[in-house]
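Quick notes on the structure that follows.
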Amino acid sequence: MSSATLMASLAVLISLVFATLAAGAAGVRVELTRIHSGPGVTASQFVRDALRRDMLRHDARRLAASDDGTVSAPTRKNSPAGGEYLMTLAIGTPPVSYSAIADTGSDLIWTKCAPCSDQCFQQTAPLYNPASSTTFRVRSCSRSPSKCAAATPPPECACQYKETYGTGWTAGFLGSETFTFGSSPADQARVPGVTFGCSNASSDDFSTSAGLVGLGRGALSLVSQLGAGRFSYCLTPFQDARSTSTLFLGPSASHDGAGSTPFVASPAKPPRNTYYYLNLKGISLGTTALSIPPDAFSLNADGSGGLIIDSGTTITMLVDAAYRQVRAAILSLVTLPTKDGSESELDLCFALPSPTSAPPDMPSMTLHFDGADMVLPPESYMITYTDSSLWCLMMGSRRDGEISTLGNYQQQNMHILYDVGQETLSFAPTKCSML
């Protein structure tokens, strides 16, 4: 299906979907659960898995943006499961509940469908079966017969797809369905005609979920299909395994007293056109402005460089010219001995006297965006490992000219609002577990 045809069909649904969301006084509220390692896994291992997901995600982005457009996805059994935050929603009539990865760095909504081939990973929840739903419809691809999915019964022709991520892949055909969103009956909304991927083959890297919900800027993302104008989330602290984070869709996505910065126009070339780019102008540690080149985070005409905000990446990754300045500034303030951070796969770590020792006091770090400052307390850029007496910087470096990323560790306890209608990002420090 061409982009023009898809956009035309989606436009017919936008007014109905928007009315559905607006019907609730507060919009839709969805709980998010962080993917945590199993019992007995150390804090170091937990972070190491997250950083390995980050590396795979970055490598996939770099390859997808290369001149030949070639992307390879890992299918290793020892790869950490993809995704960072899970949301629960329901699909079909009668509705079948499933858990999906929420991801601002991609577009497609998909779930595994029955019957599923031997290439599907195992899941504990029942598979969604389109034959059992009265509201399932095939997303027609009759204008492009070469893209018809062979598994679709005639005379219908469903558009086939294959999506590759940093930690895996999924393939199947496109359909439309009624989706149910909301954490409780009071704020639930049933939305008809949502285009999604019915996956009948995938790698086992998504074993923690039954699919994915893309929140990016593309036509197939949940944000674009809902047409509600804005969404927000508030992420609880990284190592808090008990509290749930929150995603707000539509009118409920709002907060007061927030700083606001405009989005930078995304490059036209996929996959970068789905990302949310920001203009980061500089960084300070305490009252000291770091000597970072003014163009370190510029988005270049060829689509290289720039800085994006991403819910699916854990740590903030800065181009090397900026990272070296942050690293040097922290080293100048900390008198603890440095320690090899290979156990956690972090670059800069310090040795605490004991597992119960409190880290030294540190100033806040300020990210100076165009029009607003994001102030990060020490616990949002440093992390303590009580199992190994390590205290580490939760940032890393990328080669100059590559994409820098504002990760979710730096977004914890920050209510972040994406106003896609006004093309702005707003943020306000918030105790997210209290929302």
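The values are calculated or read from the model by the stated rules, or taken from the named source; none is laboratory data. Being a predicted model, the structure only gives us computed values, none of them experimental. All Cβ positions, glycine included, derive from the backbone under ideal geometry; neighbour counts span all protein chains shown. Remember, those area values only see protein heavy atoms, side chains included, never the ligands or the DNA or RNA. Shrake-Rupley method; radii C 1.70, N 1.55, O 1.52, S 1.80 Å.
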Which numbered condition Ser388 misses (of (1) open to solvent by 50 Å² or more (accessible area, probe 1.4 Å); (2) over 23 Å from Thr104 (Cβ atoms)): (1)
Residue that is surrounded by the fewest Cβ atoms within 10 Å (Cβ to Cβ), among those in segment 364-385 that are hydrophobic (A, V, I, L, M, F, W, C) and within 22 Å of the chain's Cα centre (by Cα): Val375
Meets criteria (at negative phi and small (Gly, Ala, Ser)) for Ser433: yes
Residues located in segment 241-252, provided they are open to solvent by 10 Å² or more (accessible area, probe 1.4 Å) and either without any contact (Cβ under 8 Å) to a residue 24 or more places away in the chain or not in a loop (DSSP other than H, G, I, E, B) (or both): Arg242, Phe248, Pro251, Ser252
Residue in segment 215-230 that is open to solvent by less than 40 Å² (accessible area, probe 1.4 Å), assigned to a strand (DSSP E or B) and among the hydrophobic types (A, V, I, L, M, F, W, C) present: no
Hey, Ala210 open to solvent by 10 Å² or more (accessible area, probe 1.4 Å) and over 22 Å from Pro429 (Cα atoms) or not: no
Odd one out for Tyr323 among (1) over 22 Å from Thr424 (Cα atoms); (2) part of a loop (DSSP other than H, G, I, E, B); (3) of a type outside the set (D, E, K, R): (2)
Strands (runs of 3 or more DSSP E) enclosed by segment 107-206 - at least 2 residues per element that are at pLDDT below 85: 160-165, 168-181, 189-202
Filter result (of a type in the set (Gly, Ala, Ser), over 13 Å from Val213 (Cβ atoms) and surrounded by 18 or more Cβ atoms within 10 Å (Cβ to Cβ)) within segment 174-198: Gly175, Ser176, Gly182, Ser183, Ala189, Gly193
Residue in segment 331-354 that is part of a helix (DSSP H, G or I), buried (at least 18 other Cβ atoms within 10 Å of the Cβ), modelled with pLDDT of 95 or more and small (Gly, Ala, Ser) present: no
Matching residues in segment 76-106 - criterion: being at pLDDT 85 or above, assigned to a loop (DSSP other than H, G, I, E, B) and either small (Gly, Ala, Ser) or surrounded by fewer than 24 Cβ atoms within 10 Å (Cβ to Cβ) (or both): Gly92, Thr93, Pro94, Pro95, Gly105, Ser106
Qualifying positions in segment 386-399 - modelled with pLDDT of 90 or more and either of a type in the set (Ser, Thr, Tyr) or more than 17 Å from Leu51 (Cβ to Cβ) (or both): Ser397, Arg399
The lone exception for Asp361 - which of (1) open to solvent by 10 Å² or more (accessible area, probe 1.4 Å); (2) of a type outside the set (S, T, N, Q); (3) part of a strand (DSSP E or B) it fails: (3)
Close pairs (6 angstrom Cβ cut-off, 6 or more residues apart or separate chains): under 16 Å from Ala253 (Cβ atoms) in segment 217-240, among the charged types (D, E, K, R) and outside any loop (DSSP other than H, G, I, E, B) anywhere: Arg230/Asp419
Lone qualifier among Pro267, Pro271 - being farther than 30 Å from Thr134 by Cα, open to solvent by less than 50 Å² (accessible area, probe 1.4 Å) and free of Cβ contacts under 8 Å to residues at least 40 places away in the same chain: Pro267
Boolean, Phe238 is over 11 Å from Val420 (Cβ atoms) and either open to solvent by 40 Å² or more (accessible area, probe 1.4 Å) or not β-branched (Val, Ile, Thr) (or both): yes
Extreme residue, surrounded by the most Cβ atoms within 10 Å (Cβ to Cβ), among residues of segment 274-288 that are part of a loop (DSSP other than H, G, I, E, B) and either without any contact (Cβ under 8 Å) to a residue 12 or more places away in the chain or under 24 Å from the mean Cα position of the chain (by Cα) (or both): Tyr275
Scope segment 253-273; condition in contact with a Ser or Thr (Cβ under 8 Å, 6 or more places away or on another chain), within 24 Å of Cys432 (Cβ to Cβ) and in a loop (DSSP other than H, G, I, E, B); matching residues: Ala253, Ser254, His255, Ala258
